[in-house]
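Just below is one structure, and these are the notes that go with it.
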Amino acid sequence: MSNWLPDFEPLPDPEAVIAPEITETECRQCGTRVSGLDGRYACGVCGWVNDHSEGHRPLPVAEDDADFPGRKPGRARRT
Ligand SMILES: [Zn+2]
C-alpha cells in the first residue's frame with residue numbers, strides 16, 4: 001500500500017493574475033450570439049468586430065510585452 005499523494009502546488013492569488021473575463025453579446029450585424037473577452041467581440045458568422053475601445057479593460061501596449069524588441073531599460077512608458 002502506498003501513501004503517495006499528489007503534491008499540490010498552491011494556487012496563485014486570484015487578485016495577482018489579471019485573467020480576461022469571458023463575456024457575451026449579440027452581434028450587431030447579424031444577431032448571432034458571440035462570446036468575447038473583456039467586452040471585445042468578433043463574430044465568426046459575418047465578420048463583425050466591435051471597437052477595441054468598448055472593452056472593459058485597456059489593452060496592453062507593445063511595450064508591456066516582455067519580448068518587446070524596443071524595450072529600453074529604465075525608460076518610462078509612453079502615454
Ligand atoms: Zn455577425
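Tabulated data for the structure shown
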read-out	value
Residue identified as at pLDDT below 90 and of a type outside the set (A, V, I, L, M) among 39, 74, 31	74
Residue list for the stretch 40-68, restricted to those being within 16 Å of the ligand (Cβ to nearest atom) and over 18 Å from residue 23 (Cα atoms)	46
Any hit, the stretch 1-21, residues being surrounded by 10 or more Cβ atoms within 10 Å (Cβ to Cβ), among the β-branched types (Val, Ile, Thr) and modelled with pLDDT of 80 or more	no
In the stretch 17-35, residue nearest to the ligand (Cβ to nearest atom) [restricted to those that are in a loop (DSSP other than H, G, I, E, B) and within 26 Å of residue 60 (Cβ to Cβ)]	27
Residue list for the stretch 36-55, restricted to those being part of a strand (DSSP E or B) and either hydroxyl-bearing (Ser, Thr, Tyr) or within 11 Å of residue 25 (Cα to Cα) (or both)	36, 37, 40, 42
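The values are calculated or read from the model by the stated rules, or taken from the named source; none is laboratory data. This one's a predicted model, so the numbers in the text were calculated from it and none came from an experiment. When we count neighbours, we look across all protein chains shown, and the Cβ atoms used for this are built from the backbone with ideal geometry, even at glycine.
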